[in-house]
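In what follows, a structure is listed as structure tokens, so that the remarks can point back to it.
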Amino acid sequence: MRKIVFVEFVCILLILSGCSRVYLNVYSEPEGAYITEDGTNKIVGIAPSHLVYYRDELEKNVNSKGCYVVKGVVARWVSGATARTGNLELCSPNILKDVYNYTVYRNPTAPNLGQDLQFAIQAKSLRAQQSQAAAAWSANYSTNTKCTSTMIGNTLHTNCY
């Protein structure tokens with residue numbers, strides 16, 4: 001944790017010298033795939049999830065088209081279906097120069113598609129509940145209030161004190 005804080009501090013000090021971040025938003029279709037970095041098995045999260053890169057590191061991996069080349073991702077759905085992207089190219093111009101989006105698609109002919117679609121519905125419902133809880137907290141509690149949320153079944157329980 002201290003290392004992360006130190007890196008953030010250094011980036012603030014060096015903001016004009018190129019210590020900026022590039023973001024990659026990874027989505028899956030259907031939503032809710034478990035995402036890892038290909039080759040390292042580094043956990044990225046449950047899609048939609050996000051990767052952050054430092055521009056100075058990306059500058060070391062630019063291809064002939066001028067695109068940043070980053071490790072690909074592996075998506076694994078609850079049914080066991082998987083998809084692997086191979087290396088990803090982050091190419092500008094895009095609307096937000098430092099934000100890229102990539103969607104990993106599940107093979108629709110892989111077994112148990114219904115299971116993955118059901119999980120996607122549950123994941124969207126959970127996100128909606130979390131958003132509602134955050135909005136309620138913002139409207140009703142001061143910044144000194146501490147809250148914890150726990151998922152029990154399909155219901156998000158939030159306790160504030």
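If you filter region 145-155 down to residues that are closer than 16 Å to residue 119 by Cα and not in a loop (DSSP other than H, G, I, E, B), you find that the one that is modelled with the lowest pLDDT is 151.
Tell me whether region 41-64 contains one or more residues that are in contact with a Cys (Cβ under 6 Å, 6 or more places away or on another chain), under 21 Å from residue 92 (Cα atoms), surrounded by 13 or more Cβ atoms within 10 Å (Cβ to Cβ) and of a type outside the set (Lys, Arg). So that I can check it myself, show each step before the final result.
Quick first cut of region 41-64, residues in contact with a Cys (Cβ under 6 Å, 6 or more places away or on another chain) only: none.
Taking every residue of region 41-64 in turn, none turns out to be in contact with a Cys (Cβ under 6 Å, 6 or more places away or on another chain), under 21 Å from residue 92 (Cα atoms), surrounded by 13 or more Cβ atoms within 10 Å (Cβ to Cβ) and of a type outside the set (Lys, Arg).
Would you confirm whether or not region 112-127 contains a residue that is assigned to a loop (DSSP other than H, G, I, E, B), more than 21 Å from the chain's Cα centre (by Cα), within 17 Å of residue 32 (Cβ to Cβ) and modelled with pLDDT of 90 or more? It would help to see each step written out before you state the result.
Within region 112-127, the first condition is being assigned to a loop (DSSP other than H, G, I, E, B), and the residues that meet it are 112.
In the following step, the residues that additionally are more than 21 Å from the chain's Cα centre (by Cα) were identified as 112.
Checking which are within 17 Å of residue 32 (Cβ to Cβ) leaves us with 112.
Among the residues that remain, those that are also modelled with pLDDT of 90 or more are: 112.
Yes, the conditions are met somewhere in region 112-127.
Residues being in contact with a Leu (Cβ under 6 Å, 6 or more places away or on another chain) and hydrophobic (A, V, I, L, M, F, W, C) are entirely absent from region 93-111. Inclusion of residue 63 among residues that are polar (S, T, N, Q) and more than 26 Å from residue 30 (Cβ to Cβ) is warranted. Of the set (1) among the aliphatic types (A, V, I, L, M); (2) modelled with pLDDT of 90 or more; (3) over 30 Å from residue 20 (Cβ atoms), all apply to residue 70 but (3). The set of residues in region 20-54 being touching a residue at least 24 places away in the same chain (Cβ under 8 Å) and among the β-branched types (Val, Ile, Thr) consists of 22, 26, 35, 36, 40, 44, 46, 52. Residues considered: 28, 20. Of these, the only one that is under 30 Å from residue 116 (Cα atoms) and either of a type outside the set (Lys, Arg) or modelled with pLDDT of 95 or more (or both) is 28. Before we move on, is residue 118 surrounded by 14 or more Cβ atoms within 10 Å (Cβ to Cβ), over 22 Å from residue 24 (Cβ atoms) and free of Cβ contacts under 8 Å to residues at least 40 places away in the same chain? Criteria met by residue 118. Could you tell me whether residue 132 is loosely packed, with under 13 Cβ neighbours inside 10 Å, in a helix (DSSP H, G or I) and modelled with pLDDT of 85 or more? Criteria met by residue 132.
Restricting 70, 78 to those that are over 17 Å from residue 46 (Cα atoms) and under 18 Å from the mean Cα position of the chain (by Cα) reduces the list to 70. As a summary of the residue check, residue 105 satisfies the conditions (1) touching a helix residue (DSSP H, G or I) at 6+ places or on another chain (Cβ under 8 Å); (2) under 25 Å from residue 30 (Cα atoms) except for the one numbered (1).
The values are calculated or read from the model by the stated rules, or taken from the named source; none is laboratory data. Owing to the predicted nature of the structure, the values given are computational and were not obtained by experimental measurement. Glycine also receives a Cβ, built like all others from the backbone with ideal geometry; neighbour counts cover every protein chain displayed.
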